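Here is the structure we will look at, set down as structure tokens.
The values are calculated or read from the model by the stated rules, or taken from the named source; none is laboratory data. Just so it is clear, the model here is predicted, and its values are computed rather than measured. When we count neighbours, we look across all protein chains shown, and the Cβ atoms used for this are built from the backbone with ideal geometry, even at glycine.
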Amino acid sequence: MKLYSCDGRAPTAGGKIVNVSRFNRRQVLAGAGGILMGPLAGPVSAAAAAWQSISLREAGFDDDLPARLDKAIADKRIWNLHGVVVVRRGRLVFERYFEGEDTARGNRPVGVVSFKPDTLHDLRSVSKSIVGLLYGIALAAGKVPAPEDRLMQSFPEYADLAADPARSRWTLHHVLSMTMGTDWNESMPYTNPANSETAMDMAPDRYRYILDRPIVTEPGQRWVYNGGATALLGRLIAKGTGKSLHAYAREALFDPLGIGPTDWHADNRGELIAASGIRMTPRDLARIGELTLRGGVWEGRSVVPAEWIARSTSPVVPIEEERKYGYQWYNLDFTMETPTMPRSNQHLWNAAGNGGQRLTVFPGLDLVVASTAGNYNTKDANLPPRRIITDVVMPSLL
């Protein structure tokens, strides 16, 4: 299989695969601190509880996919991988689990874990994309303001901030797309109190802290990674639905998908951490990806409005040359070809979290890849999940 960059560059002579997408080369890190809420689970139908499987060949893969993963691990191109799930055409194609060191959010070591299909795993900032879906569900139910609505109207308790003409221009679109234009920096370690998300967690009032940050660029002009934006979305969902974020997620999203038990980290005041708190299994994470691929429909039921899926996973603002951001989801256009597929333009969207947590959806290939890992707070944490795509999954497509 050959991959091409968006400008049509062909693979180099050194090999068939060119890393054209640079999936999430910017580290997307989660915050520190927190306690763990107890697991919640709803009724799960027998049909929804287990993926139907399909052979590699039936799914359009070469039989060498497992061997490619083994080789990438042996060559240390992929390390400290905890789990990987590949779903194509709505069927489970491949999954593998490993034993490895893990750390819960808040830098709390949990030791060596033997991961299995039913082992919950921190999703870290993948949580942001799930909260984005929840916002779309709540919007359809009339529980939260529309993207075009003014943000500060939903926070009357901060009337002094709303009186600022610059802040009064904020809309929910700026929050959903992380284009608020405020001074926000999560590029430094989360152990550093100067990190904006860490400072938010330590603030007496996290929402005042988010809304009171200095505005340094015109809203809507520039993307800046901002866990505070997701915290605002989580707060609006909880206020609008009258339920905790976790309870609403179970009711509106997790239970309809047949997702098993889930946890959600909270801060030291017991408030759920919207930006990076969810724990679930890789299989259930793949269900989230499959739902977005199917336009928000699961087993014939519309769970998330199709229009919201399309809006969330389409480019809103550029991040860098190739990646763009939608509503709490990353997305990318690229070109590829396989031995049985002529060269074609493709689109993907994905969710990414600290340590190598990743959910990638290829709608044109009817393909979902979910992976979890334990490389928290390391500069190369994005390489293993990216290489699962570039070195293992994509080269095995027939």
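A compact table of results
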{"read-out": "Qualifying residue in the range 112-123 (condition: under 20 Å from the mean Cα position of the chain (by Cα) and not in a loop (DSSP other than H, G, I, E, B))", "value": "yes"}
{"read-out": "Filter result for the condition that a residue is assigned to a helix (DSSP H, G or I), among the charged types (D, E, K, R) and farther than 26 Å from Asp160 by Cβ, over Arg208, Arg250", "value": "Arg250"}
{"read-out": "Conditions (1) touching a residue at least 60 places away in the same chain (Cβ under 8 Å); (2) touching a strand residue (DSSP E or B) at 6+ places or on another chain (Cβ under 9 Å); (3) surrounded by fewer than 23 Cβ atoms within 10 Å (Cβ to Cβ); (4) not aromatic (Phe, Trp, Tyr); number of the one not met by Thr171", "value": "(1)"}
{"read-out": "Filtered residue count, the range 298-331, keeping only those that are closer than 29 Å to Gln221 by Cβ, of a type in the set (A, V, I, L, M) and in contact (Cβ under 8 Å) with a residue 60 or more places away in the chain", "value": "5"}
{"read-out": "Cβ pairs under 8 Å, 6+ apart, first in the range 184-197 and farther than 13 Å from Asn107 by Cβ and without any contact (Cβ under 8 Å) to a residue 40 or more places away in the chain, second aromatic (Phe, Trp, Tyr) and part of a helix (DSSP H, G or I)", "value": "none"}
{"read-out": "Residue that is farthest from Ile54 (Cα to Cα), among those in the range 357-367 that are buried (at least 24 other Cβ atoms within 10 Å of the Cβ) and among the hydrophobic types (A, V, I, L, M, F, W, C)", "value": "Leu359"}
{"read-out": "Total residues in the range 91-120, condition in contact with a Lys or Arg (Cβ under 8 Å, 6 or more places away or on another chain) and at positive phi", "value": "0"}
{"read-out": "Selection from the range 309-356 of residues that are assigned to a loop (DSSP other than H, G, I, E, B), surrounded by fewer than 23 Cβ atoms within 10 Å (Cβ to Cβ) and in contact with a strand residue (DSSP E or B) (Cβ under 9 Å, 6 or more places away or on another chain)", "value": "Ser314, Pro315, Val316, Ile319, Glu322, Gly326, Pro339, Thr340"}
{"read-out": "Odd one out for Ala249 among (1) more than 19 Å from Pro145 (Cα to Cα); (2) at pLDDT 95 or above", "value": "(1)"}
{"read-out": "Neighbours by Cβ (under 8 Å, 6+ apart or cross-chain): first from the range 69-84, without any contact (Cβ under 8 Å) to a residue 24 or more places away in the chain; second of a type outside the set (Val, Ile, Thr)", "value": "Ile73/Trp79; Ile73/Leu81"}
{"read-out": "Count of residues meeting criterion [of a type in the set (A, V, I, L, M) and either more than 26 Å from Met280 (Cβ to Cβ) or in contact with a Cys (Cβ under 7 Å, 6 or more places away or on another chain) (or both)] in the range 320-363", "value": "2"}
{"read-out": "Residues of the range 267-287 satisfying the condition of being in a loop (DSSP other than H, G, I, E, B) and either surrounded by 23 or more Cβ atoms within 10 Å (Cβ to Cβ) or on the phi < 0 side of the Ramachandran plot (or both)", "value": "Asp267, Asn268, Arg269, Glu271, Ile273, Ala274, Ala275, Ser276, Gly277, Thr281"}
{"read-out": "Every pair of residues 6+ apart whose Cβ atoms lie under 6 Å, when the first sits in the range 332-350 and is within 24 Å of Leu123 (Cα to Cα) while the second is aromatic (Phe, Trp, Tyr)", "value": "Leu348/Phe362; Trp349/Trp329; Asn350/Tyr330"}
{"read-out": "Scope the range 368-379; condition in contact with a Gly (Cβ under 9 Å, 6 or more places away or on another chain) and either crowded, with 21+ Cβ neighbours inside 10 Å or not hydroxyl-bearing (Ser, Thr, Tyr) (or both); matching residues", "value": "Val368, Val369, Ala370, Ser371, Thr372, Ala373, Gly374, Asn375, Tyr376, Asn377"}
{"read-out": "Complete set of residues in the range 175-195 that are closer than 15 Å to Gly227 by Cβ and at pLDDT 95 or above", "value": "Val175, Leu176, Ser177, Met178, Thr179, Met180, Thr182, Asp183, Trp184, Asn185"}
{"read-out": "Matching residues in the range 317-340 - criterion: being over 20 Å from Ile389 (Cα atoms) and in contact with a helix residue (DSSP H, G or I) (Cβ under 8 Å, 6 or more places away or on another chain)", "value": "Gly326, Tyr327, Gln328"}
